[in-house]
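Beneath this line is the structure, given in structure tokens, with notes to follow.
Bear in mind these aren't lab numbers, they're just calculated from the coordinates by the rules spelled out. Here the structure is a predicted model, which is why all the values come from computation and not from measurement. Cβ placement follows ideal geometry from the backbone for every residue including glycine, while neighbour counts extend to all protein chains displayed.
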Amino acid sequence: MNETATKQAANGRHTHPANPVTQQDIADFQRDGVICLRGMFGPEWCDMLRDASLEAMENGAGRVREPKTEPGKGRFYSNVYLSDLDERFRLLRDASPAAEIAATLLECDSVRFYYDQLFIKTPGTSAPTPWHNDLPFWPFRGNDLISLWIALSPVSAETSGVQYVAGSHRWNKMFRAVTPDYDPRFLDPELEECPDYGSPDTPSAGKVLSWNMQPGDVLCHHPLTVHGASGNASATQTRIGLSIRYLGRDVQWDPRPHTMKLRRTPEVAQGEYPADDIAFPVIWDRRDGHLQPDGPAA
């Protein structure tokens with residue numbers, strides 16, 4: 001990271017996106033439930049986070065989730081709460097452009113950190129990302145939630161670019177949560193299985209969006225937007241995507257069965273706004289444009 005960004009982080013201030021989020025971006029996000037923003041993270045951020053991501057995959061620490069594959073057939077690695085493990089991911093959480101991007105797209109005065117998640121597919125990985133939407137995994141209800149998926153490597157259809165069904169966040173429908181390793185703890189039998197909208201055999205549900213991306217580009221999507229991805233068919237290119245999720249103003253705590261286990265259960269009643277500053281710290285506030293005075297809890 002460059003000297004200015006490092007000083008800002010050390011002083012508890014976030015760095016701004018490299019490019020502005022426009023009113024047209026906000027309108028496109030509201031219409032489609034997903035948008036690709038170009039060049040929002042500079043090279044210093046991308047280099048630092050790419051190195052941290054590859055090191056995380058190699059050291060095996062944390063809550064790793066990885067489907068079994070045949071030897072030599074690639075890896076589909078994922079992990080969560082990286083900011084609990086490495087200072088570089090804490091900088092992403094506490095001082096990066098991500099929170100400002102999220103707040104701007106949600107048109108919220110402030111946003112709270114939910115969790116971060118790393119996805120790496122090495123060359124030749126056949127394992128797909130099953131089609132799903134995110135909210136069935138999450139113990140929340142509401143509309144002001146968002147995921148940012150930051151490209152830390154070149155991304156294309158060949159290397160497992162994420163595909164989205166435009167407007168599917170307005171279906172108001174939750175599909176059965178399914179992880180790449182098909183963890184039965186998430187498989188809610190009361191929810192419908194999500195169709196594979198990437199297959200030509202699946203009836204069309206609308207326009208499917210996907211983007212070729214470069215490091216620093218960011219996909220931003222609503223947690224009800226249906227999405228999935230193929231394996232990584234490239235023989236040489238590792239695909240690295242780093243997600244970070246935020247809560248806005250209308251979120252309600254809703255700890256249903258089959259949702260993810262959090263690092264800390266918030267001390268709020270079901271149906272209440274999750275105003276727990278330890279479990280979900282406020283990262284960015286539009287009124288002063290920087291972190292809260294004490295910063296988020298580690």
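Does region 91-200 come out rounded, prolate or oblate, given a ≥ b ≥ c as the square roots of the eigenvalues of its C-alpha gyration tensor, rounded meaning a/c under 1.5 and, failing that, prolate meaning a/b above b/c?
oblate
List the trypsin sites (Lys or Arg not before Pro) in region 160-255 that DSSP assigns to loop (not H, G, I, E or B) and whose Cβ has at most 16 other Cβ atoms within 10 Å. Which are they?
LYS173, LYS207, ARG249
Please arrange TRP131, TRP211 by how many other C-beta atoms lie within 10 Å of their C-beta, fewest to most.
Going from least to most buried by this count: TRP211, TRP131.
Using a 10 Å cut-off around each Cβ, can you sort HIS222, HIS14 from fewest to most neighbouring Cβ atoms?
Taking fewest neighbouring Cβ atoms as first place, the list is HIS14, HIS222.
According to the square roots a ≥ b ≥ c of the eigenvalues of the Cα gyration tensor, what is the shape class of the chain, taking rounded for a/c under 1.5, prolate for a/b larger than b/c otherwise, and oblate for the remainder?
Judged from the Cα gyration tensor, the chain comes out rounded (a/c under 1.5).
Sorted from fewest to most neighbouring beta carbons within 10 Å, what does the list TYR164, TYR81 look like?
By the 10 Å Cβ count, ascending: TYR81, TYR164.
What size of dipole, in debye to the nearest 20, comes out for the chain about its Cα centre when the only charges are +1 on Lys and Arg C-beta atoms and -1 on Asp and Glu C-beta atoms?
The dipole magnitude comes to about 280 debye.
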